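Worksheet: the structure to be examined is printed underneath.
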Amino acid sequence: MKPVKPMVDSSDIETAAIAPITPGDVESFHRALDVVARERKYLSFLEAPSLDQTRSFAMDRIVRGDPGFVAVVRGEVVGWCDISRHDRLIHAHRGILGMGIIPSYRGRGLGLRLINATLAQARKAGFVRVELSVHSDNARAISLYDKVGFAREGVQRDAICIDGEYRDTIMMAIVERENAAG
């Protein structure tokens, strides 16, 4: 018998903490990442990397000062948004955005709160360009990215293949030269 999922209380959404990811969030972040990845719809992988790989990713981003926020409800990460700065000097003005929210918390405003916090931090950190790719059938995410100012830059045809089904991805970016470090 499947365990019954608890109903999400609207007060959980209202009181969800949006905060920079910390080392103490890594295990919970890993669990949330795995839940979203195993849906086989939204992310670039079909299950979360190992806990050690996830810890390494998160800690590298924290040490580098890359923007990364989590939504936490009752001590558990239910969503995240991060921007990974490119390593090479000629690309260091730009980063790649990744985000996800576990299913029971979608459509309730957490994505907007997460992306706004992360983009605000990216601006402070001098990011000029933030880019992402989104599966073309992910209308909810595309709408969110449009809402916060991302522009569509192109389509990569048959860019992903999940369970033998090919899908396009849409490339999007925000470019804000005024953020350039003087």
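Could you give me the residue pairs with C-beta distances under 7 Å whose first residue belongs to the range 40-66 and is free of Cβ contacts under 8 Å to residues at least 40 places away in the same chain, whose second residue is of a type in the set (Val, Ile, Thr) and in a helix (DSSP H, G or I) wherever it lies, and which are 6+ apart or on separate chains?
So the pair list comes out as ALA48/THR54; THR54/VAL26; ARG55/VAL26; ALA58/VAL26.
Say whether the condition of being of a type outside the set (Phe, Trp, Tyr), part of a helix (DSSP H, G or I) and crowded, with 17+ Cβ neighbours inside 10 Å is met by at least one residue in the range 125-141.
yes
Six or more apart or on different chains, Cβ atoms under 8 Å: show the pairs whose first residue is in the range 127-153 and touching a residue at least 12 places away in the same chain (Cβ under 8 Å) and whose second is of a type in the set (A, V, I, L, M) and in a loop (DSSP other than H, G, I, E, B).
Once the first residue is touching a residue at least 12 places away in the same chain (Cβ under 8 Å) and sits in the range 127-153, its partners that are of a type in the set (A, V, I, L, M) and in a loop (DSSP other than H, G, I, E, B) give VAL128/ALA180.
In this structure, does LEU89 turn out to be exposed (fewer than 14 other Cβ atoms within 10 Å of the Cβ) and either modelled with pLDDT under 95 or of a type in the set (Asp, Glu) (or both)?
Here the answer is yes, as LEU89 does meet what is asked.
Restricting to the range 14-73, give me the number of residues that are part of a loop (DSSP other than H, G, I, E, B) and not small (Gly, Ala, Ser).
Residues in the range 14-73 being part of a loop (DSSP other than H, G, I, E, B) and not small (Gly, Ala, Ser): 14 in total.
Taking the stated definitions as given, is GLU178 in a helix (DSSP H, G or I) and either over 23 Å from TRP80 (Cβ atoms) or among the basic types (Lys, Arg) (or both)?
Yes; evaluated as a whole, the condition is true for this residue.
Does any residue in the range 70-86 that is free of Cβ contacts under 8 Å to residues at least 24 places away in the same chain and more than 11 Å from HIS30 (Cα to Cα) come within less than 6 Å, Cβ to Cβ, of a residue that is charged (D, E, K, R) and assigned to a strand (DSSP E or B) six or more places away or on a different chain, and which pairs are these?
HIS86/ARG94
Go through (1) closer than 20 Å to LEU43 by Cα; (2) out of contact with any Asp or Glu (no Cβ under 8 Å at 6 or more places or on another chain); (3) crowded, with 16+ Cβ neighbours inside 10 Å one by one and return the number of the condition GLN121 breaks.
(1)
The values are calculated or read from the model by the stated rules, or taken from the named source; none is laboratory data. What you see is a predicted model, and the numbers here were worked out from it, not measured in a lab. Cβ sites come from the backbone with ideal geometry, for glycine too, and all protein chains shown count toward neighbours.
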